[in-house]
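Q: The structure is given below, and queries will be raised subsequently.
The values are calculated or read from the model by the stated rules, or taken from the named source; none is laboratory data. Quick caveat, the model's predicted, so the values are computed rather than measured. Counting neighbours? That spans all protein chains shown, and the Cβs are built from the backbone with ideal geometry, glycine included. With ligands, DNA and RNA removed, areas are computed over all heavy atoms of the protein, side chains included. Shrake-Rupley method; radii C 1.70, N 1.55, O 1.52, S 1.80 Å.
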Amino acid sequence: MNNLIKRTNVRYTILIFLFLATVFNYADRATLSVVAPIMSKELAFDPEIMGWAFSSFGISYVIMQIPGGWLLDKYGSRLVYGCALIGWSIVTMFQGTIYLFASPIVALIILRLLMGAIEAPAFPANSRLSVQWFPNKERGFVTSVYQAAQYISLGIVTPLMTIILHNMSWHYVFYYIGAIGIILGIIWLIFIRDPHHHKKINQQEIDYIREGGGEPELGVKKSENKVSLAQIKSVCVNRMMIGVYIGQFCVTSITWFFLTWFPTYLYQAKGMSILKVGFVASIPAIAGFIGGLIGGMFSDYLLRKGYSLTVARKLPIICGMLLSCTIVVANYTGSEAVVIAAMSLAFFSKGFGNLGWCVLSDTSPKEILGIAGGVFNMCGNMASIITPLVIGVILAKTNSFDYAILYVGSMGLIGLVSYLFIVGPLKRISL
């Protein structure tokens with residue numbers, strides 16, 4: 001009789017929340033890039049100073065990855081993620097007030113550092129929740145959905161921010177995006193639960209998750225394990241993981257070009273109006289969204305067809321890395337249409353191969369998923385420090401984006417080499 005009870009699908013509600021939280025995670029990061037062309041002119045910030053402002057987020061974000069992962073393993077994703085979402089949204093709102101301070105750039109850098117620290121647990125929490133709530137055969141799609149949220153943020157929220165910027169002022173971009181994030185954080189804390197604590201899930205869905213390789217019991221008891229250096233070492237010096245970390249650094253470098261300097265590139269190098277920038281910048285983002293969904297579904301399809309985990313995960317990543325190099329075509333044309341086509345193909349490809357978090361979920365030790373996610377995100381997001389700074393220095397020295405585009409394009413080749421020659425077969429690490 002028990003077998004006749006229909007399985008619930010609460011996990012898809014969780015996926016919607018993961019998606020929305022990640023949309024505003026990236027929207028809050030992108031606020032500065034949208035307002036930068038106008039704000040930097042009004043407050044007299046030069047490219048090198050803006051490079052530091054963009055990078056300050058990444059500095060604290062990287063430093064707080066392992067502590068953020070420890071918090072997730074100890075207190076769970078619901079509480080840590082919900083509180084973080086409210087916290088970073090409040091900090092976003094305060095960025096609209098930097099003109100009130102004696103040194104606006106110092107205030108901006110402090111707020112960006114604070115924002116980066118608070119956002120640190122977000123993606124490790126996404127990974128942890130995907131392991132709790134989804135079987136292996138659905139995890140590629142799940143990862144592609146919450147990864148695709150960044151493209152929705154760039155493709156839909158960015159044009160909305162440019163409309164606010166055009167019709168009001170740069171301050172209100174921070175105010176509105178921050179306020180929406182606070183509301184979403186409160187709703188998150190009300191509705192999100194671990195599988196065994198969720199009132200609407202039935203035993204059939206829990207069994208389905210567990211039998212498919214998920215870990216619904218992760219949230220049943222709080223972790224009392226003391227994290228040892230040996231455990232952290234197991235995910236730091238493993239050859240497979242080092243290759244994955246290099247690949248993630250390369251993917252994240254491409255992401256951070258679009259999150260930071262891309263609107264300025266369109267505004268300064270291509271002479272577009274700020275309103276046109278908002279809508280043109282959304283085209284590569286939409287392409288990235290489509291690429292992300294197709295890549296995740298293609299990976300899961302290969303897994304269902306009996307291909308090994310290694311082939312199913314690495315093939316989309318390698319193809320995506322290779323094609324992302326097409327971004328350099330933008331240096332060799334004066335046509336706006338060709339520039340946007342090259343950027344769109346590059347971002348589509350980057351989305352198609354953006355399965356690093358899925359690989360992490362498939363290979364990390366189950367006992368320290370939060371820590372493993374923190375190490376992975378820390379290594380990948382070194383790019384959030386390096387990429388904005390490198391581009392800022394290139395602009396200050398050459399007054400041109402040409403070498404910046406070459407730098408971003410080279411990341412695809414480095415990531416390709418890493419997955420081909422360093423990563424090797426994918427398998428879960430045992431402590």
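Q: Any idea how many residues of the range 98-117 are more than 16 Å from Met39 (Cα to Cα) and crowded, with 24+ Cβ neighbours inside 10 Å?
A: Matching residues across the range 98-117 total 2.
Q: Could I ask something else about it? Given the criteria of a type in the set (Lys, Arg), under 21 Å from Gly278 (Cβ atoms) and either under 18 Å from the mean Cα position of the chain (by Cα) or in a helix (DSSP H, G or I) (or both), does Arg29 qualify?
A: Yes; evaluated as a whole, the condition is true for this residue.
Q: If you don't mind, there's one more thing I want to ask. Of the residues that make up the range 292-313, is at least one farther than 28 Å from Phe376 by Cα, of a type outside the set (Lys, Arg) and modelled with pLDDT of 90 or more?
A: No, that holds for no residue.
Q: I would also like to ask the following. Does Arg128 count as crowded, with 24+ Cβ neighbours inside 10 Å, charged (D, E, K, R) and under 19 Å from Ser33 (Cα atoms)?
A: Considered against the rule, which asks whether it is crowded, with 24+ Cβ neighbours inside 10 Å, charged (D, E, K, R) and under 19 Å from Ser33 (Cα atoms), Arg128 comes out as no.
To keep it simple, each residue is scored yes or no on (1) at pLDDT below 90; (2) touching a Cys at 6+ places or on another chain (Cβ under 7 Å); (3) crowded, with 19+ Cβ neighbours inside 10 Å; (4) part of a helix (DSSP H, G or I).
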position	(1), (2), (3), (4)
Tyr146	yes, no, yes, yes
Ile163	yes, no, no, yes
His166	yes, no, no, yes
Ile182	no, no, no, yes
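Q: Considering only the range 297-326, how many residues are under 20 Å from the mean Cα position of the chain (by Cα), among the aliphatic types (A, V, I, L, M) and open to solvent by less than 30 Å² (accessible area, probe 1.4 Å)?
A: Of the residues in the range 297-326, 2 are under 20 Å from the mean Cα position of the chain (by Cα), among the aliphatic types (A, V, I, L, M) and open to solvent by less than 30 Å² (accessible area, probe 1.4 Å).
Q: Could you list all residues from the range 396-431 that are surrounded by 14 or more Cβ atoms within 10 Å (Cβ to Cβ) and touching a Pro at 6+ places or on another chain (Cβ under 7 Å)?
A: Ala396, Ile429
Q: Taking only pairs six or more apart or across chains, which ones have beta-carbon atoms under 8 Å, a first residue in the range 271-285 that is buried (at least 16 other Cβ atoms within 10 Å of the Cβ), and a second residue that is acidic (Asp, Glu)?
A: Met272/Glu336; Val280/Glu336
Q: Okay, moving on. Mind counting the residues in the range 343-357 that are farther than 24 Å from Arg313 by Cβ and either under 13 Å from the mean Cα position of the chain (by Cα) or open to solvent by 10 Å² or more (accessible area, probe 1.4 Å) (or both)?
A: Counting residues in the range 343-357 that are farther than 24 Å from Arg313 by Cβ and either under 13 Å from the mean Cα position of the chain (by Cα) or open to solvent by 10 Å² or more (accessible area, probe 1.4 Å) (or both) gives 1.
Q: Please find, among Phe45, Phe17, Phe54, Phe24, the residue that is open to solvent by less than 70 Å² (accessible area, probe 1.4 Å), under 26 Å from Tyr176 (Cβ atoms) and outside any helix (DSSP H, G or I).
A: None of the others qualify; the one that does is Phe45.
Q: So, one more: Mind checking which pairs have a first residue in the range 66-80 that is touching a residue at least 40 places away in the same chain (Cβ under 8 Å) and charged (D, E, K, R) and a second that is part of a helix (DSSP H, G or I) and buried (at least 23 other Cβ atoms within 10 Å of the Cβ), Cβ under 6 Å, 6 or more apart or different chains?
A: Qualifying pairs under 6 Å: Asp73/Gly370.
Q: So which residues in the range 27-54 are more than 20 Å from Tyr99 (Cβ to Cβ) and at pLDDT 85 or above?
A: Within the range 27-54, just Ala27 meets the criteria.
Q: Has the range 187-200 got at least one residue that is under 17 Å from Leu32 (Cβ atoms) and either of a type in the set (Gly, Ala, Ser) or free of Cβ contacts under 8 Å to residues at least 12 places away in the same chain (or both)?
A: No; the residues of the range 187-200 include none that is under 17 Å from Leu32 (Cβ atoms) and either of a type in the set (Gly, Ala, Ser) or free of Cβ contacts under 8 Å to residues at least 12 places away in the same chain (or both).
Q: Note down all Cβ pairs under 6 Å where the first residue falls in the range 151-167 and is touching a residue at least 40 places away in the same chain (Cβ under 8 Å), the second is of a type in the set (Gly, Ala, Ser) and not in a helix (DSSP H, G or I), and they're at least six residues apart or on different chains.
A: Listed by first residue and then by second, the contacts come to Thr158/Ala281.
Q: Here are Lys226, Lys199: which of them is in a loop (DSSP other than H, G, I, E, B), modelled with pLDDT under 75 and open to solvent by 60 Å² or more (accessible area, probe 1.4 Å)?
A: Being in a loop (DSSP other than H, G, I, E, B), modelled with pLDDT under 75 and open to solvent by 60 Å² or more (accessible area, probe 1.4 Å) holds for just one of Lys226, Lys199, which is Lys226.
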